1. Specify the residue that is surrounded by the most Cβ atoms within 10 Å (Cβ to Cβ); the eligible residues are those in segment 75-94 that are over 17 Å from MET217 (Cβ atoms) and in contact with a strand residue (DSSP E or B) (Cβ under 8 Å, 6 or more places away or on another chain).
2. Please go through segment 145-154 and pick out each residue that is out of contact with any Phe, Trp or Tyr (no Cβ under 8 Å at 6 or more places or on another chain) and either part of a strand (DSSP E or B) or surrounded by 14 or more Cβ atoms within 10 Å (Cβ to Cβ) (or both).
3. Please go through segment 415-425 and pick out each residue that is under 12 Å from GLU302 (Cα atoms) and buried (at least 19 other Cβ atoms within 10 Å of the Cβ).
4. Might you let me know whether segment 108-128 holds any residue that is aromatic (Phe, Trp, Tyr) and under 27 Å from GLN264 (Cβ atoms)?
5. Could you list, in sequence order, the residues of segment 108-129 that are in contact with a Leu (Cβ under 9 Å, 6 or more places away or on another chain) and in a helix (DSSP H, G or I)?
6. Considering only segment 157-194, state which residues are charged (D, E, K, R) and crowded, with 24+ Cβ neighbours inside 10 Å.
7. Quick test for you: out of LEU220, LEU252, pick the one residue that is aliphatic (A, V, I, L, M), more than 25 Å from GLU400 (Cβ to Cβ) and open to solvent by less than 20 Å² (accessible area, probe 1.4 Å).
8. Run MET226 past the list (1) in contact with a Pro (Cβ under 8 Å, 6 or more places away or on another chain); (2) open to solvent by less than 10 Å² (accessible area, probe 1.4 Å) and report the number of the one that doesn't hold.
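The values are calculated or read from the model by the stated rules, or taken from the named source; none is laboratory data. Bear in mind the structure is a predicted one, so any value in this text is a computation, not a measurement. Virtual Cβ from ideal backbone geometry, glycine too; neighbours counted across all protein chains shown. These accessible areas exclude ligands, DNA and RNA; they are computed on the full protein's heavy atoms, side chains included. Shrake-Rupley method; radii C 1.70, N 1.55, O 1.52, S 1.80 Å.
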Amino acid sequence: MTHPSPTTPSSASTTNTLTPATNSSLPAATVAAGNGSTVAAAAASAFKTILETIDLEDPVPEISLPHTRHVLDQAAQILRDGQVVGMPTETVYGLASNALDSVAAQRIFKAKNRPQDNPLIVHVSSLKMLRSMLKDNIIPPVYADLIKTYWPGPLTLLFPRSSLIPNEITCGQATVAVRFPSHPITRALISACDRPLAAPSANSSGKPSPTLASHVMDDLAGKIPMVIDGGQCSFGIESTVVDGLRVPPAILRPGGVTFEQIRQVKGMEKVQVYKKHFTDAAMEQAPTTPGMKYRHYSPEAEVVLVEYVKPEDSLASNRSVPTGASTATAQYSLILKEIEKLKQEGKKRFGILRTSFTTTIPTTTATAAANTHQNGTTRLQDDREEGVIEFPLGQGSKPEDVARELFRGLRYLDDQKVDCIFVEGISEEDEGLAVMNRLRKAASRTISAEPTEFL
C-alpha cells in the first residue's frame, strides 16, 4: 500500500513559483515570463492562461509589494473588460466575473460548462456595496446578527435582488445569494474592481471543487485568461448558504459555518437544514442557490461512500469498545472486502480516503512489513493491499481537518488513475454535515458497515 507524500499547505508564498500547467485534453507548455509568473500556452485554446502567485505576507488591500499590486491591477482590468479570473477564497477557488455584467456572467457558464439554471453567488467587499445591489438598498433585519457574527467569512445569505443584478446571475429568481469573503486577496480584488464579483467554484462543472491553483489550471487552462495563486484554501469546502427570508430560516447548503453555530445566533434558533429537516421539490427544480439540484464534486473514478456508524449504535449491550474504534474497523474491513470483489471484476487500482488513522487500525491492514521466502525474496503480508493508495484526510473527530483535505484528496486519487475511490464517512456534527453533504453528491453508491466487536 502506498501513501501520498505530505504537502504543506501555504497561505502565502515568498517567491514567485513556476507551476506547471497541466490539462488532460489540451497539450500545454510552461513558459517563464519576465516577472516570474507562469504562462500556460495551450494548443488550439482561446487564451494563454496566466498563473500568478501573490505574496500574502503584507496586509491586503494595503499592498506594498509592486508585483502584488501589478497582479491585482491586471486581474481587475481583465474583470472590468468583461472577462473571468480564477481567484482564491477561504472556501474554494472561485471563477470570478463582474456580477453586474450579463455577458461576463455567461462566460462563467461557458468556461465551466455549467448548467444554465444553476445560480451564482455574488461576492462583495463592503456592506455599502451590498446595499447598492439590493431591492430598496435595504439589508433585511433578520440578517443583522448573522452578519455581525460571521461576516466576513464562509457564509452566503439570500437577499431580495434589485434590477441591477442580471438574470444570468440568479437564473431568473427573485433573490440573489451574496457573500462577504474573508480572504484578503478576494477582498482586495473586489475593491480594485470596485464591482461585486460573481464567483462559483473554478472547476469544470461536476468535478471536485478546487482548493489549489493547480486544480484550477488542470480544469480551465486555455479557457480563461488568468488564475491568481493564493495557496491552499483554509476551509476547503464551499460556504454555508442561509435563507433567512423563509419562516423558519433554512440552511440550503451546509458549509464552513455550521448548523450548531448558526442556531446560536439571535433569530436563527429554529433554523432548519434542507434535506435533513425538510424538503422542497419546487425549490430543487428551480434552485435559489448552487449545490441543490445537480450531482457535484465527482472525480472520474467511481466514488463509494462507507457510511459512518455512530459509536452508540456500534455498542451492543454489555459490550465495551473504545469510542470510534468499532466504526473505524467496520468501515475499513468493508472496504477491503469490496476491493476483493472489484478485483474479481478486473479492476486493479483503488484509492481510500481515510478518516480513522488515529484510531486502532484493523489487524487485516497490510503494512510495509514483508515476509521473507526461503530464496531470500520478499512478499507483502497481505496481497489485498497491492494497487491500493491511501490518502489521509485527517481525524474523523476533527471534521474541519477532513473538510480542508476532502477535495484535494479526491483529485489526488483521481490523478493516480484509480478505478474506484472509497471514502470513510464521518459524523454529521459540526463541519461533518458539510463533508457528508459533499460526499453523498459525489458518490456513485453508498454502503454501510455493521459494527465490529474487539475481542
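1. Filtering segment 75-94 for residues that are over 17 Å from MET217 (Cβ atoms) and in contact with a strand residue (DSSP E or B) (Cβ under 8 Å, 6 or more places away or on another chain), the one surrounded by the most Cβ atoms within 10 Å (Cβ to Cβ) comes out as LEU79.
2. If the condition is that a residue be out of contact with any Phe, Trp or Tyr (no Cβ under 8 Å at 6 or more places or on another chain) and either part of a strand (DSSP E or B) or surrounded by 14 or more Cβ atoms within 10 Å (Cβ to Cβ) (or both), then ASP145, LEU146, THR149, TYR150 are the ones that fit.
3. Matches in segment 415-425: VAL418, CYS420, ILE421, PHE422, VAL423.
4. no
5. Correct list: ILE108, PHE109, ALA111, LYS112.
6. If the condition is that a residue be charged (D, E, K, R) and crowded, with 24+ Cβ neighbours inside 10 Å, then ARG179 is the only one that fits.
7. LEU220
8. Just one mismatch for MET226, condition (1).
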